[in-house]
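All remarks here apply to the structure that follows.
The values are calculated or read from the model by the stated rules, or taken from the named source; none is laboratory data. None of these values were measured; they are calculated from a predicted model. Neighbour counts run over all protein chains shown; Cβ positions are idealised from the backbone, glycine included.
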Amino acid sequence: MALERTFSMLKPDAVKAAHIGDIYQQIEATGLKIVAVKMLQLSREQAEGFYAEHHGKSFYEPLIAFMTEGPIMVQVLEGEHAIETYRNLMGATDPSQAAPNTLRANYGSGMPANATHGSDSPESASREIAFFFSDDEICG
Ligand code: RTP
Ligand code: MG
């Protein structure tokens with residue numbers, strides 16, 4: 001299979017708890033390469049744009065409030081089956097349901113504070129990478 005790219009985010013809870021290094025270590029242990037990185041704090045407008053698909057859902061407002069409460073890390077990951085590999089590394093959305101040693105089991109504390117985000121399809125990956133990175137910021 002050709003190399004695939006996915007978008008990864010360390011959410012405010014993971015950055016605040018100083019788990020950047022731990023999570024990067026687990027990502028690199030899968031064989032995926034980190035090919036772009038940025039730290040930033042989302043504005044409300046950015047958070048709403050990023051999670052537009054969830055507008056109107058019961059968890060939308062708590063999710064936007066959580067996502068804007070502190071800095072995040074965003075990454076582009078590259079490798080074979082990058083999207084599936086990284087979703088598997090993250091584990092289930094709810095940390096209490098996530099398999100042992102997944103990122104959400106290790107570093108998430110609940111909902112919406114589940115430590116990480118990862119693209120769920122090639123279309124999402126393209127949209128989410130372009131949301132945060134220009135082509136010349138990616139060291140592929
Ligand atoms: P993500 O987009 O953040 O990678 O997570 P996901 O695909 O596993 O889950 P998704 O359904 O897209 O939900 C986005 C984020 O919203 C919060 N959430 N809270 N209280 C709830 O029922 C609930 N459901 C979702 C989580 O932070 C989830 O990651
Ligand atoms: Mg999602």
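Give the residue, chosen from 104, 127, that is within 20 Å of residue 32 (Cα to Cα) and touching a Gly at 6+ places or on another chain (Cβ under 6 Å).
Details: 127 fails: touching a Gly at 6+ places or on another chain (Cβ under 6 Å).
Only one candidate passes the filter, namely 104.
Mind checking which pairs have a first residue in the range 45-56 that is under 16 Å from residue 9 (Cα atoms) and a second that is β-branched (Val, Ile, Thr), Cβ under 7 Å, 6 or more apart or different chains?
Short answer, once both residue conditions are applied: 47/64; 47/68; 48/64; 51/64.
It is to be established whether one or more residues within the range 71-79 are surrounded by fewer than 19 Cβ atoms within 10 Å (Cβ to Cβ), modelled with pLDDT of 95 or more and farther than 17 Å from residue 24 by Cβ.
no
For residues that are among the polar types (S, T, N, Q) and within 14 Å of ligand 2 (Cβ to nearest atom), scanning just the range 88-121, find the one that is farthest from residue 14 (Cα to Cα).
In the first step, residues of the range 88-121 are kept if they are among the polar types (S, T, N, Q); the result is 88, 93, 96-97, 101-102, 106, 109, 114, 116, 119, 121.
Pick out the ones that are also within 14 Å of ligand 2 (Cβ to nearest atom) and you get 93, 114, 116, 119, 121.
Values: 93: 15, 114: 8, 116: 7, 119: 18, 121: 23 Å.
Ranking the qualifying residues of the range 88-121, first place goes to 121.
Which members of the range 102-140 meet the condition of being surrounded by fewer than 18 Cβ atoms within 10 Å (Cβ to Cβ), free of Cβ contacts under 8 Å to residues at least 24 places away in the same chain and more than 22 Å from residue 4 (Cβ to Cβ)?
The one that is surrounded by fewer than 18 Cβ atoms within 10 Å (Cβ to Cβ), free of Cβ contacts under 8 Å to residues at least 24 places away in the same chain and more than 22 Å from residue 4 (Cβ to Cβ): 110.
Answer yes if at least one residue in the range 90-97 is surrounded by 14 or more Cβ atoms within 10 Å (Cβ to Cβ), among the polar types (S, T, N, Q) and within 11 Å of ligand 1 (Cβ to nearest atom), and no otherwise.
Within the range 90-97, none of the residues are surrounded by 14 or more Cβ atoms within 10 Å (Cβ to Cβ), among the polar types (S, T, N, Q) and within 11 Å of ligand 1 (Cβ to nearest atom).
Out of everything in the range 97-119 that is out of contact with any helix residue (DSSP H, G or I) (no Cβ under 7 Å at 6 or more places or on another chain) and not hydrophobic (A, V, I, L, M, F, W, C), what residue ends up being nearest to residue 74 (Cα to Cα)?
Taking the candidates together, the pick is 117.
Could you please give the count of residues in the range 6-32 that are within 13 Å of the chain's Cα centre (by Cα) and not polar (S, T, N, Q)?
Quick first cut of the range 6-32, residues within 13 Å of the chain's Cα centre (by Cα) only: 6-15, 20, 23-24, 27.
Checking the rest, the ones that are also not polar (S, T, N, Q) come to 7, 9-15, 20, 23-24, 27.
Going through the range 6-32 one residue at a time, the tally reaches 12.
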